[in-house]
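The values are calculated or read from the model by the stated rules, or taken from the named source; none is laboratory data. Because the structure is predicted, anything quoted here is derived from the model rather than measured. Note that each Cβ is placed from the backbone with ideal geometry, even for glycine, and that neighbours are counted across all protein chains shown.
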Amino acid sequence: MKVVITSSAQTLADPIDMHFGRAKFFILADTETGKAVVHDNVQNLHAVQGAGIQSAETVAKLGAETVITGSVGPKAYRALQAAGIKIALVEAVCPGTEALRRFKEGDLPVLDKPNSEGHWV
Amino acid sequence: MKPFPVIAIASGKGGTGKTTVAVHLAAWLAAQGRAVQYLDCDVEEPNGHLFLKPVIDTTETASIPVPIVNAEACIACGKCARVCEFNAIAMLKKPLVFPELCHGCGACVLVCPAGAIREEPRAIGVVESGHAGSIAFAQGRLNVGEPMSPPLIRKVKARRMSEAIALLDAPPGTSCPVVATVRGADFVVLVTEPTPFGLHDLSLAVDTLRPMDLPLGVIVNRADEDRRVQAFCRDQNLPLLAELPDDRRVAETYARGELLFERLPEWRGFFDTLWKQIEARL
């Protein structure tokens, strides 16, 4: 299964980024093969508005079924729902590898509503 | 010189006295028998009405057109999402519209090859108009929680009458709402105060407005011994239109929502001078 992990830097050994929409990097990981590919999110990081929406679009294009992150705002949540992408929640910063391991063990709760306020709007 | 110029009263920093200047200039011009219109473009918190106490006779809902996608006609090409500068459409399995982010530009409708997008008005606020004595009055009131003020500001400005001096009371800051207000004005008055914050935000406002090629002038409100704003104006070749004195009685009168002229008749003189300064530059 393909998952996206929001990351503060370029490898799974780095701490995850707790923000979804304005995450620095998205790491696309394959839970079976362990293969990981990093994608820069700089465009959305600096978006004036709609960062979460565009990030959801990016994650959908990457073909991920689940995104592992710390917080998702209302519009990003709506967009991820529309794309059929599940959200696995990490409650505190940890390395991407640990988040991925916990996800595979079924240890991460699935988010069923936005857990962050929208920014500005 | 235009007989009926449009004068915008702006500032970088909030609370420097834009509204004080705008309403008193309106009242002073009206007292001289000039046809004048006051347009409150500070649509997030219009407060000129507190002083002018207008009679409102028309309230009109202001809307922007937002897209509605016909899912059956949509071919999921994603062009609408790509053209949207404001991320108001996401291309997921089908386009997903976020109306609260839409600026109503209509680009999505234009690029849709399937004709699957129509527009529907979304109310963002109201424009209220009326008069305060001989002053024609209009103000925008943005709905609470609504982020998109420029379309409403443009609707307030559309109330401009051709045969009156128009005074535009601008919102504070240096972003889109300010640009929407001052665009097309014949002169911009920047009201500031002699504090580091006043000076800093004045310099931001000047940086914002200079590329728009608008004639600018500065008023120092609550002027005191700090002369840094005046020095900045000299360096920047910005005309200093007036210095309004720091006077507790002004604050007291303001706090009661009254105009200054009755209690402090000497303030007529400041506005007489101010208007001459502006008029000489039109």
### Filtered residues of segment A:36-54 (kept if in a loop (DSSP other than H, G, I, E, B) and either buried (at least 16 other Cβ atoms within 10 Å of the Cβ) or on the phi > 0 side of the Ramachandran plot (or both))
A:Asn41, A:Ala47, A:Gln49, A:Gly50
### Task
Considering every residue within segment B:183-199, establish whether at least one is surrounded by fewer than 22 Cβ atoms within 10 Å (Cβ to Cβ) and β-branched (Val, Ile, Thr).
yes
### Message
So B:Leu168 ticks every box in (1) without any contact (Cβ under 8 Å) to a residue 40 or more places away in the chain; (2) buried (at least 23 other Cβ atoms within 10 Å of the Cβ); (3) not hydroxyl-bearing (Ser, Thr, Tyr) but one. Which box is left unticked?
### Response
(1)
### Task
Tell me which residues, restricted to segment B:60-106, are over 11 Å from B:Glu119 (Cβ atoms) and under 26 Å from the mean Cα position of the chain (by Cα).
B:Glu60, B:Thr61, B:Ala62, B:Cys84, B:Glu85, B:Phe86, B:Asn87, B:Ala88, B:Glu100, B:Leu101, B:His103
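Could you please let me know if A:Lys35 is free of Cβ contacts under 8 Å to residues at least 40 places away in the same chain, within 14 Å of another protein chain (Cβ to nearest Cβ) and of a type outside the set (S, T, N, Q)? It would help to see each step written out before you state the result.
Values: free of Cβ contacts under 8 Å to residues at least 40 places away in the same chain: yes; within 14 Å of another protein chain (Cβ to nearest Cβ): no; of a type outside the set (S, T, N, Q): yes.
In short, no.
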### Query
Can you name the condition, by its number, that B:Gly145 falls short on among (1) more than 18 Å from the chain's Cα centre (by Cα); (2) closer than 21 Å to B:Gly12 by Cα?
(2)
### Query
Given the residues B:Val178, B:Val144, which is the only one that is within 14 Å of B:Glu45 (Cα to Cα) and either surrounded by 23 or more Cβ atoms within 10 Å (Cβ to Cβ) or not assigned by TED's automatic domain parsing to the domain that holds B:Gly33 (or both)?
B:Val178
#### Entry: Failed criterion for B:Ala114 (all others in (1) under 23 Å from B:Ala180 (Cβ atoms); (2) more than 24 Å from the chain's Cα centre (by Cα) hold)
(1)
### Query
Based on what the data block shows, is B:Leu101 farther than 30 Å from B:Ile56 by Cα and within 14 Å of chain A (Cβ to nearest Cβ)?
yes
#### Entry: Selected residue (only one of B:Glu243, B:Glu258, B:Glu252 is over 23 Å from B:Val179 (Cα atoms) and in a strand (DSSP E or B))
B:Glu243
### Message
If I go through segment A:79-113 residue by residue, how many of them are within 14 Å of chain B (Cβ to nearest Cβ), under 13 Å from the mean Cα position of the chain (by Cα) and in a loop (DSSP other than H, G, I, E, B)?
### Response
1
### Message
So A:Val67 ticks every box in (1) within 14 Å of chain B (Cβ to nearest Cβ); (2) hydrophobic (A, V, I, L, M, F, W, C); (3) in contact with a Gly (Cβ under 9 Å, 6 or more places away or on another chain); (4) more than 25 Å from B:Val83 (Cβ to Cβ) but one. Which box is left unticked?
### Response
(3)
### Message
So B:Leu216 ticks every box in (1) more than 22 Å from B:Gly12 (Cα to Cα); (2) among the hydrophobic types (A, V, I, L, M, F, W, C); (3) modelled with pLDDT of 95 or more but one. Which box is left unticked?
### Response
(1)
### Message
Against the conditions (1) touching a residue at least 40 places away in the same chain (Cβ under 8 Å); (2) assigned to a helix (DSSP H, G or I), where does A:Gly21 fall short? Just the number, please.
### Response
(2)
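Of all residues in segment B:145-158, how many are closer than 19 Å to B:Gly173 by Cα and part of a loop (DSSP other than H, G, I, E, B)?
Going residue by residue through segment B:145-158, those that are closer than 19 Å to B:Gly173 by Cα are B:145-154, B:156-157.
Still in the running and part of a loop (DSSP other than H, G, I, E, B): B:145-149.
Count: 5.
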### strands (runs of 3 or more DSSP E) wholly inside segment B:21-134 that include at least 2 residues being surrounded by fewer than 16 Cβ atoms within 10 Å (Cβ to Cβ) and in contact (Cβ under 8 Å) with a residue 40 or more places away in the chain
B:55-69, B:117-132
